[in-house]
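Structure first, then comments.
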Amino acid sequence: MTDQPPSVSEAGNDPTAEAILSATLDTIVQHGLKGATTRAIATAAGVNEVTLFRRYGNKTALIRAAVLSRAQALRRSGVQYTGNLEHDLTHLTRAYQQTLQTFGPVVRVIVTEFPRHPELAEVLDGPRQLFGEIAALLTRYQQEGQLHPEPIATLLPAFVGPVVLPYLIPDLGRVLLHAQLPALQPEMHVRRFLHGRQAAGS
């Protein structure tokens, strides 16, 4: 009899699952995708390696579940529709920043090493779903006439890019400007994003 894999959304209510998923992300940061073996993850989580296979099946599924859990948490806390465009985007930006403060190092490892591990393509399911939710929110506001009607393929990176980039390349300011970049202010980022598009559409 094998254990049933806990759903990702229920992991927070399962201490063992949460310990395993957190240990997976921590181990990726410390040892990279290749070095994050199931044995190393099990040791970090304080469980038997067999437990990982019973719950998740294989390493790829385990990493996917760990990444998906953080993406779903951000979707639940950050992506919301109230009818107030500036409020919703500011709330989302702040939630995104809070998530990346702890999840950013994992994102850097995955983005850097993923080209060498194409077999882990499904690991990106979480970010894909998150970006889909954000795209849907932006599209809804476009349909309501509150946001300039430009292609989502350019609109989404324009909104998400400045939030994510400092966590993907933390030394960007030092490398390009020989100075420390100021922390992104959610309210200012959203105003610039919105007002720039209003000016372009006028």
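Just so you know, all these numbers are worked out from the coordinates, no wet-lab data involved. All values derive from a computational prediction rather than experimental measurement. Cβ sites come from the backbone with ideal geometry, for glycine too, and all protein chains shown count toward neighbours.
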| request: Order the peptides 141-149, 156-164 from the highest to the lowest mean number of other Cβ atoms within 10 Å of their residues. | output: 156-164, 141-149
| query | What does the highest-first list of 20-29, 104-113, 55-64 look like by mean Cβ count within 10 Å? | reply | 20-29, 55-64, 104-113
| message | What distance in nm separates the two pseudo spin-label positions at GLU86 and ALA158, each 7 Å out from Cα along the beta-carbon direction? | response | 1.8
| request: Between GLN143 and GLU122, with labels modelled 7 Å along Cα→Cβ, what's the label distance in nm to one decimal, could you check? | output: 3.1
| So what's the range 76-170 giving for Cα Rg divided by 2.2 N^0.38 Å, two decimals? | 1.16
| said: With bins 5 Å wide starting at 0, give me the P(r) of the range 1-134 over every alpha carbon pair, in whole percents. | reply: 2, 10, 20, 23, 19, 13, 7, 4, 2, 1, 0
